[in-house]
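Heads up: the structure comes next, in C-alpha cells.
Values quoted throughout were computed directly from the atomic coordinates according to the rules given, and no laboratory measurement underlies them. Keep in mind it's a predicted model, so treat the numbers as computed, not measured. Cβ: placed from backbone, ideal geometry, glycine included. Neighbour counts: every protein chain shown.
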Amino acid sequence: MAISSALIQQRVEEQVLKALEEKEAHLDAALEAAAAAEAQQKSRAGGGLDDEDLEELRARRRKQLQQQQLLLEKLREKGHGQLQELHNEKDFFQAAKESKKLIAHFFRPSNRVCDVVDARLIELARRHIDIRCVKINAEKTAFLCERLKIWCLPTLVLVSDGKTEHSIVGLDELGGDKFTLDDLETVLRRWNLLPEEK
C-alpha cells in the first residue's frame, strides 16, 4: 500500500510540475508579448527597450511564479491535487471551511459505480488543483448524510465558499456510469465550480 501511495504522490507531483511548466510557458508568451508591445511603444516615442526595462519584466515574472508556487504548496498542504478520504463529519466541515471549492463524494465501499466516480475525481484533482476532492463513506457518517439529504449513492456534493451549491445525485446528470472527465467538467461549469471555457 505504501508503494502505491508513493507512486500516486509521484504522479501527482509530475502532473503539478507539468501544469506549472505549461503555465510558465503561457506566462513567458504573455511577457514577451507585453515586452514587444512596450518596445514598440517606446520605439514610437523615440526610445527602445533597455536592460533596465528587461530586468524589471524578469523581476515581475519571477515574483509571479514565486507567488504561484506558494499558492500551489498551500493548496497541496490542505489536500488539493488528490482524492482524500475523510472519516467523520468534523473533517468534512473543516475541509469545506479551508477550501474555497470542494467536491465531496459520498460513497459505499460495496458500490462499484462509486469506484468510477473515484477515478474521475482523481483525474479532476490533478487537472484542477484549486478544487479539493474528498470522499466520505456514507455508512459511517449517517448524521452528515441526513443533514445534507444524501439518499442515493453515489452523490457528489458541490461546495463553494463553505456553502453547498448543488448535489449531483446518482450519475444521470453526468451522463451515466460511462461518464468522462469532460462530462464532469461540463457539470461543474454549470454550477460555477469551474470557469467557462474560452
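Taking all Cα-Cα distances within the chain, those exceeding 21 Å account for 59%. For residue 70 and residue 113, the difference between the fully extended length at 0.36 nm per residue and the C-alpha to C-alpha distance is 11.8 nm. As a length-normalised measure over Cα pairs under 8 Å and 6 or more apart, the relative contact order of the chain settles at 19 percent. Applying 1/(1 + (r/R0)^6) with r as the Cβ-Cβ distance of residue 90 and residue 127 and R0 = 41 angstrom yields a FRET efficiency of 0.90.
Report the Stokes-Einstein translational diffusion coefficient (µm² s⁻¹, integer) for region 83-190, Rh taken as the Kirkwood radius over Cα pairs, at 10 °C with viscosity 1.306 mPa s. Once the numbers are plugged in, D ends up at 117 µm²/s.
If both residues of a DSSP beta bridge must be in the chain, then about 50% of such bridges are antiparallel.
Computed extension length for residue 163-residue 33: 42.8 nm, one decimal, from 0.36 nm per residue of separation with the Cα-Cα distance subtracted.
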